[in-house]
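The values are calculated or read from the model by the stated rules, or taken from the named source; none is laboratory data. Nothing here was measured: the structure is a model prediction, and the numbers come from that model. Reconstructed Cβ throughout: ideal geometry from the backbone, glycine too, with neighbour counts over all protein chains shown.
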Amino acid sequence: MGKRTQVYWPRQAGYVLASNYLGVRGGHWLFGDIKELLEATNLTSAQVAEELVENEDADIALEGFPSFLKQKKAGRW
């Protein structure tokens, strides 16, 4: 007990989560930016899902997601 384990997940899972939680089908104009940031950041699926469900509107949720990823990458989150 007391030992924390983080399980990192394949980058494609972000697209699956966006599809499942936000109903995004066939891509989104922000996926290119998001993909680059995900590749530079180690996140769990729970962290991504928590951020995506903050807004039910796919555009609003995904527009805020790159900012979240940049903060995580910089170690400010």
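Scanning the stretch 26-45 for residues that are touching a Pro at 6+ places or on another chain (Cβ under 9 Å) and β-branched (Val, Ile, Thr) returns a single hit, Ile34. Against the criterion of being modelled with pLDDT under 80 and surrounded by 15 or more Cβ atoms within 10 Å (Cβ to Cβ), Leu17 qualifies. Hey, can you tell me all the residues within the stretch 48-64 that are within 12 Å of the chain's Cα centre (by Cα), in a helix (DSSP H, G or I) and in contact (Cβ under 8 Å) with a residue 12 or more places away in the chain? If the condition is that a residue be within 12 Å of the chain's Cα centre (by Cα), in a helix (DSSP H, G or I) and in contact (Cβ under 8 Å) with a residue 12 or more places away in the chain, then Val48, Ala49, Glu51, Leu52, Ala61, Leu62, Glu63, Gly64 are the ones that fit.
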